[in-house]
1. Pick out the one residue from I144, I176 that is closer than 29 Å to D221 by Cβ, touching a residue at least 40 places away in the same chain (Cβ under 8 Å) and touching an Asp or Glu at 6+ places or on another chain (Cβ under 7 Å).
2. Taking the stretch 108-120, which residues are surrounded by 18 or more Cβ atoms within 10 Å (Cβ to Cβ) and at pLDDT 95 or above?
3. Collect the residues in the stretch 236-280 that are under 25 Å from E304 (Cα atoms) and not in a loop (DSSP other than H, G, I, E, B), keeping them in residue-number order.
4. Do you know which of the residues in the stretch 273-304 that are in contact with an Asp or Glu (Cβ under 8 Å, 6 or more places away or on another chain) and surrounded by 16 or more Cβ atoms within 10 Å (Cβ to Cβ) is nearest to F125 (Cα to Cα)?
5. Sort through F88, F101 and tell me the only one that's part of a strand (DSSP E or B), farther than 14 Å from A316 by Cα and modelled with pLDDT of 95 or more.
6. Tally time: how many residues in the stretch 62-80 are modelled with pLDDT under 95 and either crowded, with 22+ Cβ neighbours inside 10 Å or under 27 Å from K29 (Cα atoms) (or both)?
7. Only residues that are within 20 Å of the chain's Cα centre (by Cα) and at pLDDT below 95: list them for the stretch 195-217, please.
8. Would you tally the residues in the stretch 297-322 being in a strand (DSSP E or B) and in contact with a Pro (Cβ under 9 Å, 6 or more places away or on another chain)?
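The values are calculated or read from the model by the stated rules, or taken from the named source; none is laboratory data. Please read these numbers as outputs of a predicted model, since none were measured by experiment. Counting neighbours? That spans all protein chains shown, and the Cβs are built from the backbone with ideal geometry, glycine included.
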Amino acid sequence: MIRASIICLSAAVLLAFGANSSHAAFPGKPGPIAYSKTSTDEVGEGRVESEGGLFARGPRIKDRPHQLTAETGDHSPSYSADGRLIVFVHDDEASQRSSIFVMRSDGSERKEVTLGGLGGGSPAFFPSGRAIVFSRSVEGHSHIFSIRLDGSGLRQLTSGPFGDYDPVVSPNGRRIAFASNRDPDGRQDRGDIFAMRADGSRIRILIDGPRRESEPDWSPDGRRIAYVLNRLHSKVFIANLATGRVKWLTKCEGIRCRSYVAPAFSPDGRRLAVLGLGTRTSTISVIPLTRDGFSATIDSGGTEEEGFGSHVGAPAWGPRPR
């Protein structure tokens, strides 16, 4: 395992799965970045209107965002390996239920995957594009499931009195990384990064940190994992699965730092899209992995003290459709 440290950002330890290199399932030329964006305005005395949905921008920075869906409850998009499909979550305010939907990457042919009130969140594709993993609550605990896009073949992969969430499939489809609180090392250890086989067997810890590690994302070559560490502010790190070295990407000290979450690798593995969160602002930015600092802002939002304004959500970076 990798023991992530908030003081020393490298570790001379071997990873449980580090000896077995993966081959990228989602490589390719960088395509668009998908994300949610919602705007809320006061349109009259006591009347508030919200609009938004899922948007996509790119692959060129000069490309303008274009809207894919018009439902304000749509969020958490994830691309298929061929870039032709997007799976996402829809929150229904009336029923207080979250469902998982799939659509073509241009926003057409939207259909629900989790039928019959199943619910769920944090969806991610298997490399085949015919099935997904996701999380849902069972008897008060979040666990990892898999299901085919047609709604058949539901399978529970984790169980027990734990919280398992944020699943993502490795590029070769053989492993699933996820966050869980199943191995606390101390009072402040609220979660670590684990991996298991695609059938839910052989659960092992990958990144064992002192606070809460979550939101893992495999690199396209399967050799690195980006993740979030929460301590005072949320920070994005990358762990090399072969060497055990850990790099802090969103460096900032002090109480005025922004939190950075939801890391998403580019399909060529050279950059990372992240969501930055301030007191009343949100920004999707790109970090080049060959040098320090940010290279571009994809979109942003800001709200007033009353809550009116806009905000952007977690990004997903897809390959150009093939």
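1. Result: I144 is the single residue among I144, I176 that is closer than 29 Å to D221 by Cβ, touching a residue at least 40 places away in the same chain (Cβ under 8 Å) and touching an Asp or Glu at 6+ places or on another chain (Cβ under 7 Å).
2. Result: V113, single match.
3. Matches in the stretch 236-280: S259, Y260, V261, A262, V274, L275, G276, L277.
4. I284
5. Only one candidate qualifies: F101.
6. The number of residues fulfilling the criteria is 5.
7. Correct list: I205, L206, I207, D208, G209, R211, R212, E213, S214.
8. Total meeting the criteria: 6.
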